[in-house]
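Scroll down for the structure; my scribbles are underneath it.
The values are calculated or read from the model by the stated rules, or taken from the named source; none is laboratory data. Predicted, not measured: the structure shown is a model, and the values here were computed from it. So basically every Cβ, Gly included, is an ideal-geometry build from the backbone, and we count neighbours across all protein chains shown. Heads up: the accessible areas ignore ligands, DNA and RNA and are worked out on the full protein's heavy atoms, side chains in. Shrake-Rupley method; radii C 1.70, N 1.55, O 1.52, S 1.80 Å.
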Amino acid sequence: MTGGRPPRLPLFGSLALVCALETLFAAAVPALLLTRLAGAQYLVGVVIGAALGLGLLATPAATARLGRGAGRAVVAWCAAGLLVSGALSLTPAGLPVAAVVGTALVFGVARAVTMLALLTEVGRLGPASPGQGLNSAAQRLGSGLGGLAAGWVVAGERYAEGAALLATGAAVVALLSRWSTSGPAVAPGPARPLRRRFAETGALLRRDRAVQAASLVNLLVWLCVIVGNSLVPVALLDRGWSAASTGAGIVVLVLLRDLTSAAAGATCWPLVRRLPVAAVVAGATALQLAAVVVLLAGGFGIAALAAASVLSGAAVAVGIACANVVATTASWAAPERIPVRLAASQYLTGLPITAASILLVVALDDLGATTALVLTAAATALAGAAAAGRLVAGVR
């Protein structure tokens with residue numbers, strides 16, 4: 001395939017699969033660590049931080065290849081990394097602690113770079129394209145499937161089967177790379193040195209308000225996802241829920257959240273894109289804060305989990321689409337710039353995501369679930385307010 005855009009079904013199917021693998025990893029690995037390794041609470045934070053946060057720091061390394069149209073090779077190689085690390089991640093009882101963290105980091109790097117390649121293709125569709133809403137829908141449908149798988153794995157302690165699911169999903173992503181990515185957007189040229197790629201993304205993040213705003217919106221979305229995928233399952237186990245009950249809680253939380261996100265992404269994007277972006281971001285922030293309030297007020301009961309999931313799902317859908325549009329709008333006419341702007345809006349969010357993952361699990365263990373969620377709500381409010389401020393300052 002040369003030049004044109006990839007067929008939408010393989011593209012959005014690949015996005016859904018990668019998000020399914022991410023959710024399965026983020027929910028099942030902490031449960032396995034907590035049930036099989038003594039004193040694993042702190043390790044959970046490190047593992048989730050490595051997989052969901054530190055992996056993002058590698059995204060600038062892939063921008064030159066993606067800008068020159070090598071997305072197919074990037075996705076294929078990273079899917080191989082997902083396959084190996086995913087299969088190993090659910091056997092930590094037989095691995096040293098350092099190997100557990102290293103495996104999570106490999107998974108995180110492969111996941112982050114694969115998503116960058118796929119989101120580059122979404123960015124090429126244009127800021128007003130319905131594909132931006134379908135991006136949200138695909139990601140969250142995939143996450144919902146991952147949540148179902150995680151609930152099944154955790155409830156029955158089927159961790160070997162979970163490892164097989166991670167490996168199989170990664171293999172399918174590799175096979176789809178033939179169709180999920182397009183050919184060269186521009187004539188190939190010499191690759192820039194790795195140091196220059198990081199310097200370029202860093203300069204964009206320092207100077208470009210759109211990239212700064214997109215980075216903050218990405219942080220907001222990640223905070224929402226961390227709460228549902230990792231913090232709440234850990235909180236349920238910490239409150240004495242059995243493995244079976246925790247598995248059911250994961251299913252209720254993730255499935256309702258992601259079905260809501262998918263519906264919002266597929267149907268609401270034409271309306272949302274007509275509103276000021278700052279107002280949309282403020283609305284997403286308010287929805288996630290309301291979700292935390294409902295969860296706390298309901299004492300982590302099933303009804304509270306369900307209501308909080310719907311609110312959080314709407315926040316995630318809007319946030320995903322906004323972040324992608326804000327980051328790529330300025331470069332839509334120059335497709336080779338899309339991966340650079342996307343990487344700039346993502347890679348340094350890895351540091352606060354990693355810190356949040358560790359600190360929130362520590363707070364959960366030492367201070368309780370209520371304090372951990374209050375801290376999360378405060379971080380969400382700060383990220384949302386800062387993003388809206390950047391947008392009001394110069395981005396429409």
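Details
- Here V293 fulfils each of the conditions (1) part of a helix (DSSP H, G or I); (2) open to solvent by less than 40 Å² (accessible area, probe 1.4 Å); (3) over 18 Å from S136 (Cα atoms) apart from (2).
- For the stretch 266-281, the set of residues classified as assigned to a helix (DSSP H, G or I), open to solvent by 50 Å² or more (accessible area, probe 1.4 Å) and among the aliphatic types (A, V, I, L, M) consists of A266, L271, A279, listed by residue number.
- Residues considered: V340, V293, V325, V310. Of these, the only one that is within 17 Å of the chain's Cα centre (by Cα) and not hydroxyl-bearing (S, T, Y) is V325.
- Any hit, the stretch 86-106, residues being closer than 30 Å to T329 by Cα, under 16 Å from the mean Cα position of the chain (by Cα) and assigned to a helix (DSSP H, G or I): no
- Here L148, L134, L141, L125 are screened, and the one residue that is farther than 19 Å from L52 by Cβ, touching a residue at least 24 places away in the same chain (Cβ under 8 Å), part of a loop (DSSP other than H, G, I, E, B) and open to solvent by 10 Å² or more (accessible area, probe 1.4 Å) is L125.
- Flag for L219 being open to solvent by 20 Å² or more (accessible area, probe 1.4 Å), assigned to a helix (DSSP H, G or I) and not acidic (D, E): yes
- Flag if A315 is without any contact (Cβ under 8 Å) to a residue 60 or more places away in the chain, assigned to a helix (DSSP H, G or I) and open to solvent by less than 20 Å² (accessible area, probe 1.4 Å): no
- Residue within the stretch 77-96 that is farther than 22 Å from A150 by Cβ, open to solvent by less than 40 Å² (accessible area, probe 1.4 Å), touching a helix residue (DSSP H, G or I) at 6+ places or on another chain (Cβ under 8 Å) and modelled with pLDDT of 80 or more present: no
- Residues that are of a type outside the set (G, A, S) and either closer than 22 Å to T349 by Cα or touching a strand residue (DSSP E or B) at 6+ places or on another chain (Cβ under 9 Å) (or both), drawn from the stretch 66-101: L66, V74, V75, C78, L82, V101
- Checked across the stretch 116-125, the condition of being closer than 30 Å to L305 by Cβ, charged (D, E, K, R) and in contact with a helix residue (DSSP H, G or I) (Cβ under 7 Å, 6 or more places away or on another chain) holds for no residue.
- Failed condition for I250, given (1) open to solvent by 30 Å² or more (accessible area, probe 1.4 Å); (2) modelled with pLDDT under 85: (1)
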